[in-house]
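Accompanying notes for the structure given below.
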Amino acid sequence: NSALTSIKLVLLGEAAVGKSSIVLRFVSNDFAENKEPTIGAAFLTQRVNMGDHTIKFEIWDTAGQERFASLAPMYYRNAQAALVVYDVTKPQSFIKARHWVKELREQASKDIIIALVGNKLDMVETGAERKVALEEAENLASQEGLLFFETSAKTGSNVNEVFLAIGQKIPLK
Ligand code: GTP
Ligand code: MG
């Protein structure tokens with residue numbers, strides 16, 4: 001059978017952590033070294049087959065630049081799932097991620113599924129210094145009941161897994 005479930009999903013996180021790159025990897029299995037900052041937000045969709053079920057992700061990729069901050073509630077307000085993204089080499093981006101989790105818990109739908117995503121793991125694997133400890137992120141995830149992954153949009157590592165894990169937590173119609 002071909003039952004179809006749609007999931008409204010939003011990506012939040014500081015500018016340049018790789019939100020659009022994660023979406024580009026998931027939707028087109030592609031990567032761009034010099035991706036331009038998102039203006040406002042971008043909308044993309046991707047279908048994934050899970051057993052006899054198809055999930056259609058309806059993805060709002062928001063802009064991280066501060067001047068667009070006031071738009072975010074419009075995109076997370078009726079989202080069923082959120083990716084809160086930080087850069088494992090940028091401690092400030094993890095502080096921002098904590099703020100996003102708090103804001104979602106206070107303002108978004110009560111049953112929203114949140115995945116905390118530490119991106120740019122490839123940089124650590126090729127010699128850059130890790131600035132956000134795995135344990136620190138795992139602690140936040142367990143305290144707040146978040147899914148948690150470290151990813152690389154550049155290599156594709158763990159990107160599909162984030163979306164599949166969300167798909168598995170959504171009640172199917
Ligand atoms: P805003 O739209 O401004 O909020 O930024 P964003 O979070 O969408 O970041 P974007 O995807 O545009 O990526 C910013 C820069 O980081 C680009 O130059 C990407 O090529 C690079 N980048 C994104 N993901 C990765 C990754 O996993 N590894 C590495 N090495 N670079 C990455
Ligand atoms: Mg972007």
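What to note about this one:
- Degrees, to the nearest 10: 159-169 long Cα axis against longest axis of the chain: 50
- Sorting the segments 132-141, 95-104 by their mean number of nearby beta carbons within 10 angstrom, highest to lowest, gives 95-104, 132-141.
- With Cα atoms as the point set, the range 5-52 shows a radius of gyration and Dmax of 12.3, 38 Å.
- Unit charges at the beta carbon, dipole of the range 40-105: most positive-side option, Q92, N49, Y75: Q92
- Computing Rg and the Kirkwood Rh from the Cα coordinates of the range 28-81 gives a ratio, Rg/Rh, of 1.05.
- The chain: angle of helix 91-107 to the longest principal axis, Cα-based, in degrees nearest 10: 30
- Less than 5 angstrom separates the built amide H of S6 from those of K56, all sequence-distant by 5 or more or on a different chain.
- Residues of the range 72-105 with amide N under 12 Å of the 7 Å Cα→Cβ point at K35: 85-86
- For the range 129-140, Karplus couplings with θ = phi - 60° (6.51, -1.76, 1.60), whole Hz, Gly/Pro x: 7, 5, 10, 10, 5, 4, 5, 4, 5, 4, 5, 4
- Separation of the E129 and M50 label points, Cα + 7 Å toward Cβ, nm: 4.0
- Distribution of pairwise C-alpha distances over the chain, 10 Å bins, in %: 10, 42, 37, 10, 1
No lab work stands behind these numbers, since they all come straight from the coordinates. Keep in mind it's a predicted model, so treat the numbers as computed, not measured. Using ideal geometry, Cβ is built from the backbone for each residue, glycine included, and neighbour counts are taken over all protein chains shown.
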